[in-house]
């Protein structure tokens, strides 16, 4: 059974690596052609820079994915999981403490593994292509604050979840899911007040005309806007974005200062109209319902599988504690997620197309959204030539060239 599980995992790893390599090869062959409609914003030199950026990021992502896959396979199927499980179980004073030590150790190992790659992206690739503006001090500070928040939130959730497993052995799947659901909703209200200000500064936008335009646009969409804020994203990166935050009809608008520098007012409004299009189509609610239903099924499946005696055999172990069996179940879940991921991305791309159509209607035409997408593609060195199969598997948004052509067709 372990040989079959390992073979399936390695097959998925090889297929993903082959797909990433195919995407990079496709870019090398077609990356010298400027797509129709992009000629004014992108010339040959910028297109070459875009290709270099995509290739550099793609190579690093491929190396990281292969290294992580090799270490996961070694840990699960090579014996370290069984040793680690016995060591933690022998030294833990109780069930909850043992679980915190077990999963906390795995979290620390994962963080340490990812640090070199994050540093290479931030201070290597992103800095070389003119995006990263962060300093080593800010990077370390963000890392420390992120670890502290993770310790408090994830540690608290893990403690509560393990207590529920102990207290409700037959129903912990439902109780744990309810705990996670409650925390997810709570974070929607707490994150903008307690967490986000730890990393960025927010202040009201200084342009009265833009403020008025945003409120008028939101009113046409039936959304109340409580605050319109500018975020100091340029302190870390020159990449740009904008988003709505909040539940219900009243939302806050957050604009990256980089977005305000890169786009004209009509284009900023068009980008926000796209986000409002998601609200009008109830995409956020639909995603929340689907994701929470999937989370409930995952919790129920974890409850059933952790009780199944055959779980240790999936990785060739003679026996595992509850923590070890849950780690194997999480591994099985990751395989299912890899298989179902393309379906989720296809659904997401469909929603993005609907949001684009809604933005065109809200804006009274697609000209501003089209020009905003072209400008952002140029500013962010977006890959204009992804392989169709790679985009189908990995992209949550339609490729930008496809979006521009769709908007141009619908005017």
Hey, residue 294 hits all of (1) modelled with pLDDT of 90 or more; (2) surrounded by 16 or more Cβ atoms within 10 Å (Cβ to Cβ); (3) under 24 Å from the mean Cα position of the chain (by Cα) but one; which does it fall short on?
(2)
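So that you can scan it fast, the table gives a plain yes or no per residue for (1) assigned to a loop (DSSP other than H, G, I, E, B); (2) under 22 Å from residue 199 (Cβ atoms); (3) touching a strand residue (DSSP E or B) at 6+ places or on another chain (Cβ under 7 Å):
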| residue | (1), (2), (3) |
| --- | --- |
| 234 | no, yes, no |
| 239 | yes, yes, no |
| 251 | no, yes, yes |
| 258 | no, yes, no |
| 261 | no, yes, no |
| 266 | no, no, no |
| 269 | no, no, no |
| 273 | no, no, no |
Failed condition for residue 174, given (1) modelled with pLDDT of 95 or more; (2) touching a helix residue (DSSP H, G or I) at 6+ places or on another chain (Cβ under 6 Å); (3) farther than 25 Å from residue 69 by Cα, with all others met?
(2)
Is there a residue in region 170-192 that is more than 26 Å from the chain's Cα centre (by Cα), free of Cβ contacts under 8 Å to residues at least 40 places away in the same chain, part of a helix (DSSP H, G or I) and exposed (fewer than 13 other Cβ atoms within 10 Å of the Cβ)?
no
Flag for residue 29 being at pLDDT below 90, assigned by TED's automatic domain parsing to the domain that holds residue 125, more than 28 Å from the chain's Cα centre (by Cα) and in a helix (DSSP H, G or I):
yes
Counted residues, region 306-326 - those being within 28 Å of residue 394 (Cα to Cα) and either surrounded by fewer than 19 Cβ atoms within 10 Å (Cβ to Cβ) or at pLDDT 95 or above (or both):
1
Output yes when any residue across region 155-165 is at pLDDT below 95, under 25 Å from the mean Cα position of the chain (by Cα) and either exposed (fewer than 14 other Cβ atoms within 10 Å of the Cβ) or not assigned by TED's automatic domain parsing to the domain that holds residue 287 (or both), and no when none is.
yes
Determine whether residue 46 is under 30 Å from residue 311 (Cβ atoms), in contact with a helix residue (DSSP H, G or I) (Cβ under 7 Å, 6 or more places away or on another chain) and assigned to a helix (DSSP H, G or I).
no
Among 121, 127, 137, which is part of a helix (DSSP H, G or I) and touching a residue at least 12 places away in the same chain (Cβ under 8 Å)?
121
Looking only at helices (runs of 4 or more DSSP H) that fall completely inside region 295-411, which ones have 2 or more residues that are touching a strand residue (DSSP E or B) at 6+ places or on another chain (Cβ under 9 Å)?
none
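The values are calculated or read from the model by the stated rules, or taken from the named source; none is laboratory data. Every value quoted in this text rests on a predicted model; they were computed, and no experiment measured them. Because the Cβ atoms are built from the backbone with ideal geometry, glycine has one as well, and the counts that use them run over all protein chains shown.
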